[in-house]
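The values are calculated or read from the model by the stated rules, or taken from the named source; none is laboratory data. A quick note: this is a predicted structure, and the numbers were derived from the prediction, not measured. When we count neighbours, we look across all protein chains shown, and the Cβ atoms used for this are built from the backbone with ideal geometry, even at glycine. These accessible areas exclude ligands, DNA and RNA; they are computed on the full protein's heavy atoms, side chains included. Shrake-Rupley method; radii C 1.70, N 1.55, O 1.52, S 1.80 Å.
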There are 2 protein chains.
Amino acid sequence: MASPDGSPTAAVPTISVIAKELGVSRSTVSRAFTRPDLLKPETVEKVLAKAQTLGYVPNKVARALSTGQNGVIALIVPDIANPFFPPLIRAAQVDADRQDFCVLLGDSAENPAQESRLITRFTPQVDGLVLAASRLDDAALAEHARRRPVVLINRDVPGMPRVLTDSHTGFMQAIAHLAELGHEHLAYVGGPPGAWSDHQRRRGIAAARTDHGMTLTTFQAEPATYDGGKATVEAILASGATAVLAYDDVVAHGVLAGLTEHGVRVPEDMSVVGCDDVFAATTYPPLTTISLRCAEAGEIAVSVLLDLVAGRSVGDVRHSLDSHLIVRATTGPAPRA
Amino acid sequence: MASPDGSPTAAVPTISVIAKELGVSRSTVSRAFTRPDLLKPETVEKVLAKAQTLGYVPNKVARALSTGQNGVIALIVPDIANPFFPPLIRAAQVDADRQDFCVLLGDSAENPAQESRLITRFTPQVDGLVLAASRLDDAALAEHARRRPVVLINRDVPGMPRVLTDSHTGFMQAIAHLAELGHEHLAYVGGPPGAWSDHQRRRGIAAARTDHGMTLTTFQAEPATYDGGKATVEAILASGATAVLAYDDVVAHGVLAGLTEHGVRVPEDMSVVGCDDVFAATTYPPLTTISLRCAEAGEIAVSVLLDLVAGRSVGDVRHSLDSHLIVRATTGPAPRA
DNA sequence: CATTGTCATGCAACCGGTTGCACATCAAGG
DNA sequence: CCTTGATGTGCAACCGGTTGCATGACAATG
C-alpha cells in the first residue's frame, strides 16, 4: 500500500521471491530467463507464469554486475526539439526495446563540451552509444570509442561505424525538378557551418546545378532556425533567385514566412524546397521537400550498435541512406521575368 | 589496452585491488569515498592517492545494486514524435542532468499495454518515473506508484503528484477573442477520447462559449492527427461554424489543409485556433494558438520527482500551469453571413 | 543387475560495492 | 587500576542476479 505522501512501500519482486513461492532454487528461476533450454519445459512455464502474476522483471542492474552487460545504450543528439530528431529517437528506442535494451537519452545543446560530458557520464553504465550529428572532433570521437562501441549518425569518420542520411539524390532530383519548371537562378540557404549535413548539401547542390547550367547563390541561416531562415529573405530577393533550397524544413518555413511578409507569393513568384520531410504530415502548407529516412537511420544505428555489442559485427560499416524529392505545394513554374 | 578491432579490454581497478595493495580491508577503501569522516585523515589520503595512481573510479552499477540508488529516472511518453513532447523531454533531460541524474526514455505508442510493459521493465533500474499523458487507468497507475515514486504529467489522479498544462485560461481567452471578432458559431475538433487534455478542453470550451452565448458543435479527429483533422473539414463546413478550435496544433494544421482544399480562405472565411504552441516558431503560416508551458511541465515534473526520490517532498502535489492565447494570423473577423 | 550417461536442479561463489555490528586501542574519569 | 567512551578498522552479510560444479533420479546399455 502506498503511504500518504506517495512514497513507495511495495517491494519490486526478485528471483528470490519467485523461488520461495515456487519452492525452487534461485538458480532455477534465473535459468528460466537466461537458459530455459537447461530446464524442464514445464518448470520454465511455471516460473514464467509466476513471474507474470507477480510482475517480475529481471533487474538489469544486478545482471549487469555479474555479466558486465548493462542492457542499456545511450543516444545523444544535439537538440531533442529539432524536428529532425524525434522520429529518429523514437525509432531507436523502439528498435532497442525490441532487442531488450533500454535507451538513455542525452541532449548536448549543440555543445561539444556538454556532449563530451554526457558521454563520459553515460559510458560506465551503457553497453554502447549512438551519437547523432556529433559536434566533437574526430580525435575526441575515437577516444570515446575506445571505451565502448560507438555508432555515428550523420558524421562520416572513416574507421568508425556510421549511418548517413544522404541528401545527394534528393537534391539532384530537386534541381532537375526546378530546371524542368524553368528556373535558372537558385539560392541555397545553408545551415550550421561545421555540420556534415550542411557540407554534403552544399557539395551536392553545387554539382547538380552545373549539370543544368543554373546560377547558384549561397546564403547562411544564422542561426539555422526559423528566424535565421526568415532573416535571409531580403538578400535572397536581391539575388534574383526564383527558387530557394533550404538547409532543412525549419529554415524553409522561415523563408516562407519572410517571403510572405515581403508580399512574395509561393509558389507563383518563388519556389521553396525544404529538406528532411519532418513537417509534411503535420503542417500546412504542404512543403515540397527532400525525404531523408531519418527514422530508418536511428533504427539502423541501433541495429549496428547492438551487433557490435554482441560481437556479431565485422568490418567497416558505412550505411548511406538515399533520399528522394517529394513534390508538394511550394514549387511551381519559374515566373516570367 | 584496446584490442585491434577497437573493442575495449582494459581491466578496471576495483576496491579489492586497492585494498590488497594497501593491506587494508575493502570496507576501508569504500569508506574513503563514501564516509571519509569515519576514517583517520591519513588513511583517507593514502587510499585516495592509491586510487589516483591506479585510475580507480567507483563502479556506479555496483553501488546502485547495494544502495538502491541508481541515479536514473524514466520518462515515458505516448509518442516521442508528437511535437508536444520533444520540448518537454528536453527540459526533463536537462533538468535531470543538472541534478546528476540520467533519463531513460520510453515510447508507449499510445498503447496502455506497452506503457505498462515499459514501466515494469524500467522500474528495477530507476529511482522514479515521470509518466506523460499516461493512457493507464487510475488503478494501474496506483499499482506502479507503489513500487517507485511516480509523477504524472497531464493526468489528474488525486493522491498522486501531477503536473498539468491547463488549457482553460487559454481557451477562455480564445473564445473571448472570437466573440469580439463577431463569431457566433464555434466548432471544436476533439482529440484522443480517453485523454485528460481532451476532457479538459471540452469542458473549458463548453463553459466559456455559454458565457458568450455562442453555439458549439463538436467533432472528433479520428485519429487525432493532421489527416484526422483534415477529414473533419466537410462536417465542419456543413455545421455553419465560422471558427474552429482544434485539439492541438497538428490537428489545426490538418484543418487548415482541408479548408484550403475546399477553397475556404483563412482567416477571411474561417478562423482557426490551435493549441500547444509547438509550431509557432518553426512553421508558416503563423497559427493563432494557445500556449501551454509544456517544457516547464517537464522541468517541474522532474524537480518534484527528484524531491520525492530524495525524500524531500511532502503533501499532495498538483501543479497547474496556466496558458494563454497567442493571436497570430489564422483568426479574423467573422464573415458576413 | 551393475554401470554409464543424460537431464534437471541445487549449492555456493562471485560481480563490486555498502553497511551494521563487533572488536581493539587508547585517553580520560572515578 | 579499573571503567567508560570515543575512535578507527575489520568482518561478514547483503543488494539481485549468473554460473561452474556437484548431486540425484532415471533410462539406456552391456
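Below is a table of values for the structure above.
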{"read-out": "So B:L131, is it open to solvent by less than 50 Å² (accessible area, probe 1.4 Å) and more than 10 Å from chain A (Cβ to nearest Cβ)", "value": "yes"}
{"read-out": "The range B:16-30: number of residues that are near DNA strand D (Cβ under 10 Å from one of its atoms) and open to solvent by less than 100 Å² (accessible area, probe 1.4 Å)", "value": "9"}
{"read-out": "Qualifying residue in the range B:273-284 (condition: under 18 Å from the mean Cα position of the chain (by Cα), at pLDDT 95 or above and open to solvent by 40 Å² or more (accessible area, probe 1.4 Å))", "value": "no"}
{"read-out": "Residues of the range B:273-282 satisfying the condition of being closer than 17 Å to B:K230 by Cβ and within 10 Å of another protein chain (Cβ to nearest Cβ)", "value": "B:F279"}
{"read-out": "Matching residues in the range A:315-327 - criterion: being part of a loop (DSSP other than H, G, I, E, B) and open to solvent by 40 Å² or more (accessible area, probe 1.4 Å)", "value": "A:G315, A:D316, A:D322, A:V327"}
{"read-out": "Subset of the range A:172-202 [within 29 Å of the chain's Cα centre (by Cα) and without any contact (Cβ under 8 Å) to a residue 12 or more places away in the chain]", "value": "A:H199"}
{"read-out": "Residue within the range A:301-314 that is farther than 17 Å from A:T242 by Cβ, assigned to a loop (DSSP other than H, G, I, E, B) and open to solvent by less than 30 Å² (accessible area, probe 1.4 Å) present", "value": "no"}
{"read-out": "Hey, A:L152 within 14 Å of A:L305 (Cα to Cα) and open to solvent by less than 30 Å² (accessible area, probe 1.4 Å) or not", "value": "yes"}
{"read-out": "Count of residues meeting criterion [closer than 25 Å to A:A176 by Cα and either in a loop (DSSP other than H, G, I, E, B) or not small (G, A, S) (or both)] in the range A:285-300", "value": "9"}
{"read-out": "Odd one out for B:D100 among (1) more than 18 Å from B:A132 (Cβ to Cβ); (2) more than 8 Å from DNA strand C (Cβ to nearest atom); (3) not in a loop (DSSP other than H, G, I, E, B)", "value": "(3)"}
{"read-out": "Search result, residues across the range B:250-265 that are more than 8 Å from chain A (Cβ to nearest Cβ) and part of a helix (DSSP H, G or I)", "value": "B:V251, B:A252, B:V255, B:G258, B:L259, B:E261"}
{"read-out": "Test: residue in the range B:35-46 that is closer than 29 Å to A:T67 by Cβ and more than 8 Å from DNA strand D (Cβ to nearest atom)", "value": "no"}
{"read-out": "Among the residues listed as B:V77, B:V44, the single one being buried (at least 21 other Cβ atoms within 10 Å of the Cβ) and either in contact with a Lys or Arg (Cβ under 6 Å, 6 or more places away or on another chain) or more than 8 Å from chain A (Cβ to nearest Cβ) (or both)", "value": "B:V77"}
{"read-out": "In the range B:85-113, residue nearest to A:Q99 (Cα to Cα) [restricted to those that are more than 9 Å from chain A (Cβ to nearest Cβ) and free of Cβ contacts under 8 Å to residues at least 12 places away in the same chain]", "value": "B:A113"}
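Residue-wise test of (1) more than 23 Å from B:G182 (Cβ to Cβ); (2) at pLDDT 95 or above.
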position	(1), (2)
B:A206	no, no
B:T210	no, no
B:M214	no, yes
B:V233	no, yes
B:G240	no, yes
B:A246	no, yes
B:E261	yes, no
B:D269	no, yes
